[in-house]
Amino acid sequence: MARIRIPRSGPGRPRTRPTTVLADRAYSSRAIRGHLRRRGIRAVIPQPADQIGHRLRRGRAGGRPPSFDAEKYKERNAVERCIARLKQWRGLVLRTDKLAIAYQAALHVASILIGAWQ
């Protein structure tokens, strides 16, 4: 989270705090949600079944469930599909390139060709 940089459309330094974070249910811990809440970032993270069960078992002391926007979470699917397409490129998956610039060039070529397929 500390390395996030969101460029502005005009002049000014990039933002370091996104408005929303879309994450998988593996990142549904109390520590991660607390960190995002302290920074004022909206978390769209589904709760795993075991966490729901633990909360319900505690009854009133379990508190209310965290908010979850199902429509916003569906946007994460587009990113997952893009990553899956990039994984079809063996050189990107195996990281056989020694130099970072060569890896980045392969990533750009793959992105261009994937865009041409659609």
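Would you calculate the convex hull of the Cα atoms in segment 67-114 and tell me its volume per residue in Å³?
Details: hull volume 4.6 nm³, N = 48.
Residue-normalised Cα hull volume stands at 95 Å³.
In nm, what is the difference between 0.36 nm times the number of residues separating R57 and S9 and their Cα-Cα distance? Kindly include the intermediate steps, with their values, before the conclusion.
Numbers: separation 48, 0.36 × 48 = 17.28 nm, distance 4.78 nm.
Length gained between R57 and S9: 12.5 nm.
Counting only the heavy atoms of the protein chains, how much of H35 is accessible to a 1.4 Å probe, in Å² to the nearest 10?
Surface open to solvent at H35 totals about 70 Å².
Across all directions of projection, what mean area in square nanometres is found for the Cα convex hull of segment 25-118?
Details: hull surface 36.3 nm².
Average projection, Cα convex hull of segment 25-118: 9.1 nm².
Could you give the accessible area per residue of the chain, probe 1.4 Å, as a whole number in Å²?
Numbers: 9410 Å² over 118 residues.
About 80 Å² of surface per residue is accessible.
Which whole-number percent is the relative contact order of the chain (Cα, under 8 Å, 6+ apart)?
15 percent
I need the peptides 5-12, 17-24 ranked by packing, meaning the mean over residues of other C-beta atoms within 10 angstrom, with the highest value on top. Don't jump to the answer; show the numbers that get you there.
Details: 5-12: 7.4, 17-24: 13.8.
So the peptides 5-12, 17-24, ranked by packing, come out 17-24, 5-12.
Need the full-extension length gain, A26 to A102, defined as separation in residues times 0.36 nm minus the C-alpha distance. One decimal, nm. Please list the in-between numbers first.
Numbers: separation 76, 0.36 × 76 = 27.36 nm, distance 3.20 nm.
Using 0.36 nm per residue and subtracting the Cα-Cα distance, I get 24.2 nm.
The values are calculated or read from the model by the stated rules, or taken from the named source; none is laboratory data. Computed from a prediction, not measured in an experiment: that's the story for all the values here. Every residue, glycine among them, receives a Cβ derived from its backbone with ideal geometry; neighbour counts consider all protein chains shown. Accessible surface is based on the protein model in full, side chains and every heavy atom, while ligands, DNA and RNA are left aside. Shrake-Rupley method; radii C 1.70, N 1.55, O 1.52, S 1.80 Å.
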